Amino acid sequence: MSSHVANVIVETLKRTVNNARIDLSEIAQASRTTSAMADQILTELTGLETLSGTSLSPTVRFKLASEAVRTGASERAMRTLTWQEFEEFSEECLATAGFQTRKGTVFNDGSRRWQIDLTGVKDQILLAIDCKHWESPNYSSKFDRAVEHQKQSLQPLIKYLRSKGKLTDQAVWALPMIITLFEPRESFLQNVVLVSVGQLQSFLDRLTPFSAELPFISDHVSAESSIS
């Protein structure tokens, strides 16, 4: 039964990219099952009452991909998610956890131009996130450049957000992070957190600035007017 479920999920994800609508007969044919079986599987997994002709939200698509992982079809399923959905789902996880989010923050600090994929602010916590939609195993050496970028950009980001009134004058607990498509082999690299998108929500739900094992950086620097 699990192989039927995985096939239906993967074929559904392939055919619903960019808001394409569900065609149960097409999905059933591609996954070598019946339309009735495809309908039953998808109804149970999505909770949607009407499937045929429906487009799936990024949250539902990721839910389906996560279920496919549990059936042993992780590589096939995760590759069907677009990089936009990857970022959108990550942002939704932050919003669900109570963070104010912003995608694609771009700024200059006088020495260079910086770009941060996703930021999240909640009380005195700042998350600076780089989203890596890589379709291959997460070897530590792959992260060298991304880790260095996250470390170097953190202080300029804090100053920039302060200058724009996005942070309070109180001390900020900042955490540089990289979110990956597949489970990373390590949780930390040079004081940068690595977490898979599948584990992101549970990570955020238990996140506090008092988590001693996390490499938070405390900063109380005033904004610099030169940053724009």
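The values are calculated or read from the model by the stated rules, or taken from the named source; none is laboratory data. It should be emphasised that the depicted structure is a prediction, and the values quoted were computed from it without experimental measurement. All Cβ positions, even for glycine, are placed from backbone atoms using ideal geometry, and neighbour counts span all protein chains on display.
For the reader, a short list of remarks on this structure follows.
- Scanning segment 94-128 for residues that are under 30 Å from residue 11 (Cα atoms) and either of a type in the set (S, T, N, Q) or modelled with pLDDT under 90 (or both) yields one hit, 96.
- Of all residues in segment 40-57, those that are in contact (Cβ under 8 Å) with a residue 12 or more places away in the chain and surrounded by fewer than 18 Cβ atoms within 10 Å (Cβ to Cβ) total 5.
- Segment 177-193: number of residues that are buried (at least 22 other Cβ atoms within 10 Å of the Cβ), in contact with an Asp or Glu (Cβ under 9 Å, 6 or more places away or on another chain) and modelled with pLDDT under 90: 1
- Scanning segment 137-176 for residues that are surrounded by 22 or more Cβ atoms within 10 Å (Cβ to Cβ) and under 30 Å from residue 75 (Cα atoms) yields a count of 4.
- Counting only helices (runs of 4 or more DSSP H) wholly contained in segment 16-99, the ones carrying 3 or more residues that are under 18 Å from residue 5 (Cα atoms) occupy 24-31, 35-46, 58-70, 74-78.
- Lone qualifier among 110, 120 - being assigned by TED's automatic domain parsing to the domain that holds residue 166, crowded, with 20+ Cβ neighbours inside 10 Å and not in a helix (DSSP H, G or I): 120
- Lone qualifier among 57, 35, 66 - being outside the structural domain of residue 180 (by TED's automatic domain parsing), among the polar types (S, T, N, Q) and over 19 Å from the mean Cα position of the chain (by Cα): 35
- Check on residue 207, surrounded by 14 or more Cβ atoms within 10 Å (Cβ to Cβ), at pLDDT 90 or above and either within 24 Å of residue 145 (Cα to Cα) or in contact with a Pro (Cβ under 6 Å, 6 or more places away or on another chain) (or both): no
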